Amino acid sequence: MDKFMKEVEGIVAPKEEMEDAIHPYEKLEKAKVLQDARIFHDSIQVREHPRRCCRILSQILYLQNDPKSASSKLTRTEATDLFFAGTKLFVDVEDASLRRLVYLFIKELQPLCDPSDVIIVTSCLTKDMTCDNNLYRANAIRVLVNIIDSAMLGSIERYIKQAIVDNDLQVSNAALVSACHLFEQSTDNAAIVRRWIGEVQEMLIKKSARNNVGNTSNDMVQANAMRLLYLMKSHDRLGMAKLVQKFSGLAGGGIRSPLALV
């Protein structure tokens with residue numbers, strides 16, 4: 001027994017040491033991070049030092065989400081200044097890792113800024129949503145739905161409808177999940193999303209999809225499509241009955257995903 005306990009202690013000790021370890025951003029100073037973020041205004045520095053920009057963006061996100069320190073939270077003015085500086089990275093960024101951090105950065109800081117200020121980035125996101133890079137398209141859709149209102153949704157709905165039936169799984173999934181969020185945001189958005197029922201049903205009955213790797217299962221696409229259809233039909237008893245009848249697990253209906261069976 002003593003030998004066993006010593007072995008257990010030997011296993012537990014490293015875990016205790018890990019708990020005592022200091023996080024690399026533990027003593028981060030907000031003033032220093034805000035000073036470093038001025039690099040975003042220098043397009044040459046951004047192109048030459050993308051890793052440095054990644055580190056600064058990570059530090060900003062850490063400060064904003066650190067539960068231990070309320071003083072590290074960004075004020076509305078600081079968040080707005082950083083937001084405008086971050087939008088310049090859309091033009092200057094060619095590094096994929098930095099571009100992904102920019103999407104997350106905008107998504108996290110957007111609630112802190114005035115809606116009239118946030119609207120400036122929609123043109124960049126719309127451009128990315130229609131580009132050839134599927135990674136950019138998926139992330140742009142996720143961020144854009146957190147910014148737009150019902151009036152702007154009508155002008156970009158054709159792009160989202162195209163994304164729903166896209167052969168790339170991450171683009172299709174991003175569009176379906178974003179549509180669910182839009183549907184739940186307001187009744188005006190819900191009325192627009194209901195017009196996409198044809199595209200949603202098309203993706204639901206697809207048995208496979210092709211992405212940049214090759215043929216793969218679209219289980220998550222079917223599950224997200226079924227969730228969106230449920231939201232559309234939740235207040236229509238007859239429509240819900242037809243939905244269950246058409247896509248019942250017993251009836252088949254092309255459904256392969258266990259998450260989408262009804």
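Applying the criterion of being open to solvent by 60 Å² or more (accessible area, probe 1.4 Å) and over 20 Å from H181 (Cβ atoms) to the residues of segment 193-207, the residue that is modelled with the highest pLDDT is E202. Within segment 34-55, restricting attention to residues that are closer than 14 Å to E78 by Cβ and of a type in the set (A, V, I, L, M), the residue that is most open to solvent (accessible area, probe 1.4 Å) is L34.
Does L135 satisfy the criteria of being open to solvent by less than 10 Å² (accessible area, probe 1.4 Å) and of a type outside the set (S, T, Y)? The answer is no for L135.
Conditions tested, residue by residue: (1) farther than 14 Å from I60 by Cβ; (2) assigned to a helix (DSSP H, G or I); (3) out of contact with any helix residue (DSSP H, G or I) (no Cβ under 9 Å at 6 or more places or on another chain).
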residue: F105; (1), (2), (3): no, yes, no
residue: L109; (1), (2), (3): no, yes, no
residue: S116; (1), (2), (3): yes, yes, yes
residue: T122; (1), (2), (3): yes, yes, no
residue: L125; (1), (2), (3): yes, yes, no
residue: D128; (1), (2), (3): yes, yes, no
residue: D132; (1), (2), (3): yes, no, yes
residue: N139; (1), (2), (3): yes, yes, no
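Residue under question is D188, and the condition is that it be open to solvent by 40 Å² or more (accessible area, probe 1.4 Å), farther than 21 Å from G86 by Cβ, among the charged types (D, E, K, R) and not in a helix (DSSP H, G or I); does it hold? In short, no. A single entry from N146, N167 fulfils the requirement of being touching a residue at least 40 places away in the same chain (Cβ under 8 Å), open to solvent by 50 Å² or more (accessible area, probe 1.4 Å) and either touching a Lys or Arg at 6+ places or on another chain (Cβ under 6 Å) or not in a helix (DSSP H, G or I) (or both): N167.
The values are calculated or read from the model by the stated rules, or taken from the named source; none is laboratory data. The structure displayed is predicted, hence computed values, not measured ones. Positions of Cβ are backbone-derived with ideal geometry, glycine not excepted, and every protein chain shown enters the neighbour counts. For the accessible areas, the whole protein counts, side chains as well, though only heavy atoms, and no ligand, DNA or RNA atoms are used. Shrake-Rupley method; radii C 1.70, N 1.55, O 1.52, S 1.80 Å.
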